[in-house]
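A quick write-up on the structure given underneath.
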Amino acid sequence: VTPYAAAESNVNAYVVTDGQGAIVIDATRTAVDGAAVAALVAARTAGPVTVLVTHGHPDHFLGLGALRAALPDARFVVARPEIKADVIAMATWMTAQGWLAALPAMQPRTADHPDGFDYERELAVLDAPTLALPGGARLELRSDYPATEAAHMTTAYSPDANALFTGDLAYHDVHLWLGVGVTRASAAAWQATLVELDAAWRAQAPTLYPGHGAPTDLAVLAADRAYIDDLLAVTATSPSDDDAIAQMAGKYPGYANREFLLMMSVANLRAQR
């Protein structure tokens with residue numbers, strides 16, 4: 001397992017390889033980071049490549065175009081049709097907002113924009129909750145989680161490496177996303193899911209590979225639950241966004257991405273009071 005920590009968004013991609021092929025977990029946010037992930041893959045194998053997109057947030061799929069350019073035979077997959085729909089909806093919405101003007105290759109392909117990315121054709125939905133490497137090693141997938149950090153989420157487990165890839169169910173020393181799309185109810189569901197994950201994997205004690213932040217262990221699940229508790233409490237009582245941000249920054253001084261993740265999360269949760 002080789003982690004790639006992207007230069008933008010504190011987001012990760014992971015290259016899982018047996019030398020004969022590779023599974024890439026998530027594609028990062030930018031063409032530069034996507035190309036770097038592709039170079040990492042090429043340095044480790046000349047075999048078949050499958051890229052799994054864990055959920056429909058843009059920092060996990062907008063690097064697909066660069067991966068396609070560098071690895072033209074790569075297969076792009078999602079674990080369930082709802083995640084494919086989430087990706088297409090997000091790319092379509094971002095295009096309408098003008099947010100993909102600087103990344104036209106990742107705007108959805110249409111008759112008016114034939115040079116865009118063909119999400120409908122390029123993203124395949126898996127028909128079984130597993131992915132296999134040519135040598136026989138496999139990833140076991142789960143994607144039946146309730147709405148948490150995202151509407152739909154995929155986790156993957158490698159029995160061979162005892163490695164648990166949590167998608168964005170876990171963050172490590174990075175401010176959690178509780179911004180647009182996350183309700184207080186889904187925040188509570190996220191906390192319950194973290195409890196469930198801890199109980200399910202405690203005996204195996206896997207290395208945990210989070211969506212954001214450095215690889216760690218299961219202790220991060222309790223830390224993330226506590227963070228959500230703190231953020232919900234702070235945003236329920238603070239007189240302003242700035243005050244809530246300052247309180248959370250004081251509680252978590254070493255956490256990355258205060259400028260976007262924390263700011264957007266505070267604004268979203270305070271609006272729901």
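The values are calculated or read from the model by the stated rules, or taken from the named source; none is laboratory data. No experiment lies behind these values; they were computed from the predicted model shown. Cβ placement follows ideal geometry from the backbone for every residue including glycine, while neighbour counts extend to all protein chains displayed. For the accessible areas, the whole protein counts, side chains as well, though only heavy atoms, and no ligand, DNA or RNA atoms are used. Shrake-Rupley method; radii C 1.70, N 1.55, O 1.52, S 1.80 Å.
I'm trying to understand the selection: among the residues of the stretch 202-217, which are of a type in the set (A, V, I, L, M, F, W, C), open to solvent by 30 Å² or more (accessible area, probe 1.4 Å) and touching a residue at least 40 places away in the same chain (Cβ under 8 Å)? Answer for the stretch 202-217, where residues must be of a type in the set (A, V, I, L, M, F, W, C), open to solvent by 30 Å² or more (accessible area, probe 1.4 Å) and touching a residue at least 40 places away in the same chain (Cβ under 8 Å): 205, 214.
Residues are listed down the side, and each one gets a yes or a no for (1) out of contact with any Pro (no Cβ under 8 Å at 6 or more places or on another chain); (2) of a type in the set (A, V, I, L, M); (3) under 24 Å from residue 256 (Cα atoms); (4) modelled with pLDDT of 95 or more:
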{"residue": "123", "(1), (2), (3), (4)": "yes, yes, no, yes"}
{"residue": "138", "(1), (2), (3), (4)": "no, no, no, yes"}
{"residue": "184", "(1), (2), (3), (4)": "yes, no, yes, yes"}
{"residue": "200", "(1), (2), (3), (4)": "yes, yes, no, yes"}
{"residue": "216", "(1), (2), (3), (4)": "no, no, yes, yes"}
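Within the stretch 242-257, restricting attention to residues that are surrounded by fewer than 17 Cβ atoms within 10 Å (Cβ to Cβ) and touching a residue at least 12 places away in the same chain (Cβ under 8 Å), the residue that is farthest from residue 197 (Cα to Cα) is 249.
Between 109, 80, 138, the distinction of being charged (D, E, K, R), surrounded by fewer than 19 Cβ atoms within 10 Å (Cβ to Cβ), over 25 Å from residue 45 (Cα atoms) and touching a residue at least 12 places away in the same chain (Cβ under 8 Å) belongs to 80 only. Would you pick out the residues in the stretch 83-96 that are out of contact with any strand residue (DSSP E or B) (no Cβ under 6 Å at 6 or more places or on another chain), more than 23 Å from residue 141 (Cα to Cα) and either open to solvent by less than 20 Å² (accessible area, probe 1.4 Å) or among the aromatic types (Phe, Trp, Tyr) (or both)? Once the filter is applied, which keeps residues that are out of contact with any strand residue (DSSP E or B) (no Cβ under 6 Å at 6 or more places or on another chain), more than 23 Å from residue 141 (Cα to Cα) and either open to solvent by less than 20 Å² (accessible area, probe 1.4 Å) or among the aromatic types (Phe, Trp, Tyr) (or both), the stretch 83-96 yields 93, 94.
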